[in-house]
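The values are calculated or read from the model by the stated rules, or taken from the named source; none is laboratory data. The structure presented is a predicted model; accordingly, all values stated were derived computationally and were not measured. For neighbour counting, all protein chains shown are included, and Cβ atoms are generated from backbone atoms with ideal geometry for every residue, glycine included. SASA here: full protein model, heavy atoms, side chains in, ligands and nucleic acids out. Shrake-Rupley method; radii C 1.70, N 1.55, O 1.52, S 1.80 Å.
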Amino acid sequence: MIGKSLLGQQWYGLTFGDHVTQIPFLDLRAGYLELRSEIDAAVARVLESGWYILGPEVENFEQAFATYCEAEHCIGVANGLDALILSLRALEIEAGDEVIVPSNTFIATWLAVSAVGAKPVPVEPDRRSYNIDPSLVADAVTEKTRAIIAVHLYGQPADLDPLLAVARQHGLRLIEDAAQCHGATYKGKRIGAHGDAVCWSFYPGKNLGALGDAGGVTTKDAEIAARISMLRNYGSRQKYVNEEPGVNSRLDPLQAAVLSVKLAHLDAWTAQRRKLADRYVDQLRDVSVPFVPNWADPVWHLFVIQHPKRDRMMARLQDKGIATMIHYPIPPHLQQTYSQNAFKTGEFPLAENMAEQMLSLPIGPHLSFEDQDVIIEAVNRIAAEI
């Protein structure tokens, strides 16, 4: 077997009969090769401009992405975690406050809450959608609760209307972690402006990915947008006039230019992901496949299956030259960094069960149907045998 790693995306190859098959989890290079002439021209344009911090390229992308998301404003920042942290700061969430978060999510959602001194309060997911269960959120609200963070996990929108109802009833802010959800719709409206602030990651492996770290926030609220814009730039709206302790978290013009190129192709890439997802749902057997509510139109950042013998399945697929990944093997409440919170094993059983059983299959827009057929056949065979 041959293998290499690229940004944590694993590649494996093994002989199948008389040929060698390599099916990566995600082929990042393919996206660049498809758009090489456009991306190279965009990068050259930035280099030749002499404008390397903020400026027109960032502004152009911010305007285009805000329009795409059906939002009024977009503020480009350095990465997705900063997008969350700056949104919490802009909404004046601080030490002593509580923020409701999903128990099943990437740890960045929790880390942002901790970064502003607040306390993450976990709520279990819906068994079918894997997103936070709105029916459990109201019971988690206390007099210290200031906000709810809804994560659109794996590219599927969370159920926002009941979360917004709880937020309105208790005077809370709703923040959306949309790091995996570029282009998805909820009840016919693009994700991007339902809550007070919608936070994006443009990490290279995302559906809309830069060539390095990058992030952004979209919102319909001009005041929130202005405050995040100020906070990302040393707390300054005017050069050398600093209103409060801000940070340096600005979207790089090179990344903005690349993102502008890719944004024009995002819908086509999403359409391909949806075709691949439909084929998985129709053809996979003896594994649990994602459930999609009739009000959601996901973008399939990940295609996650469940199987009680996940680790054995993953190893067998690896032996067959098929790369898979686990999102995420340790739920946040059991991570060492939250040991001081005294969470116990078994306290959030759904999140723990998902961490033990979930396996992400390849679904990038450059995965061929021929390679997908190999994956489907292998998964079905392995699931029947183990």
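Find all pairs meeting these conditions: Cβ atoms under 9 angstrom apart; at least six residues apart or on different chains; first residue within the stretch 235-246 and at positive phi and modelled with pLDDT of 95 or more; second residue of a type in the set (A, V, I, L, M, F, W, C) and part of a loop (DSSP other than H, G, I, E, B). Every condition considered, the pairs that remain are 235/247.
The residue that is farthest from residue 117 (Cα to Cα), counting only those in the stretch 145-183 that are among the polar types (S, T, N, Q) and surrounded by 24 or more Cβ atoms within 10 Å (Cβ to Cβ), is 156.
Within the stretch 20-56, track down each residue that is among the aromatic types (Phe, Trp, Tyr) and open to solvent by 90 Å² or more (accessible area, probe 1.4 Å). Let's see the steps before the verdict.
Of the residues in the stretch 20-56, the ones among the aromatic types (Phe, Trp, Tyr) are 25, 32, 51-52.
Result: 51, 52.
Contact map, the stretch 24-47: residues that are closer than 22 Å to residue 302 by Cα paired with residues that are among the hydrophobic types (A, V, I, L, M, F, W, C), Cβ distance under 6 Å, separation 6+ or inter-chain. Pairs shown: 24/11; 24/323; 25/323; 25/325.
Residues considered: 279, 273. Of these, the only one that is surrounded by 15 or more Cβ atoms within 10 Å (Cβ to Cβ), among the basic types (Lys, Arg) and in contact with a Pro (Cβ under 6 Å, 6 or more places away or on another chain) is 273. Pairs linking a residue in the stretch 80-96 that is under 16 Å from residue 215 (Cα atoms) to a residue that is surrounded by fewer than 24 Cβ atoms within 10 Å (Cβ to Cβ) and among the polar types (S, T, N, Q), with Cβ atoms under 7 Å and 6 or more positions apart or on different chains, are 82/249; 86/249.
I need the full set of residues from the stretch 199-222 which are closer than 19 Å to residue 164 by Cβ and either out of contact with any Cys (no Cβ under 7 Å at 6 or more places or on another chain) or of a type outside the set (A, V, I, L, M, F, W, C) (or both), in order please.
Pass one, the stretch 199-222, residues closer than 19 Å to residue 164 by Cβ: 199, 217-221.
Residues satisfying the conditions are 199, 218, 219, 220, 221.
The listed residues are 332, 362, 290, and the only one of them that is at pLDDT 95 or above, over 21 Å from residue 124 (Cβ atoms) and buried (at least 19 other Cβ atoms within 10 Å of the Cβ) turns out to be 362. Restricting to the stretch 184-204, what's the tally of residues that are in contact with a helix residue (DSSP H, G or I) (Cβ under 6 Å, 6 or more places away or on another chain), within 21 Å of residue 224 (Cα to Cα) and surrounded by fewer than 24 Cβ atoms within 10 Å (Cβ to Cβ)? The number of residues fulfilling the criteria is 1. Restricting 344, 309 to those that are open to solvent by 10 Å² or more (accessible area, probe 1.4 Å) and either without any contact (Cβ under 8 Å) to a residue 60 or more places away in the chain or at positive phi (or both) reduces the list to 344.
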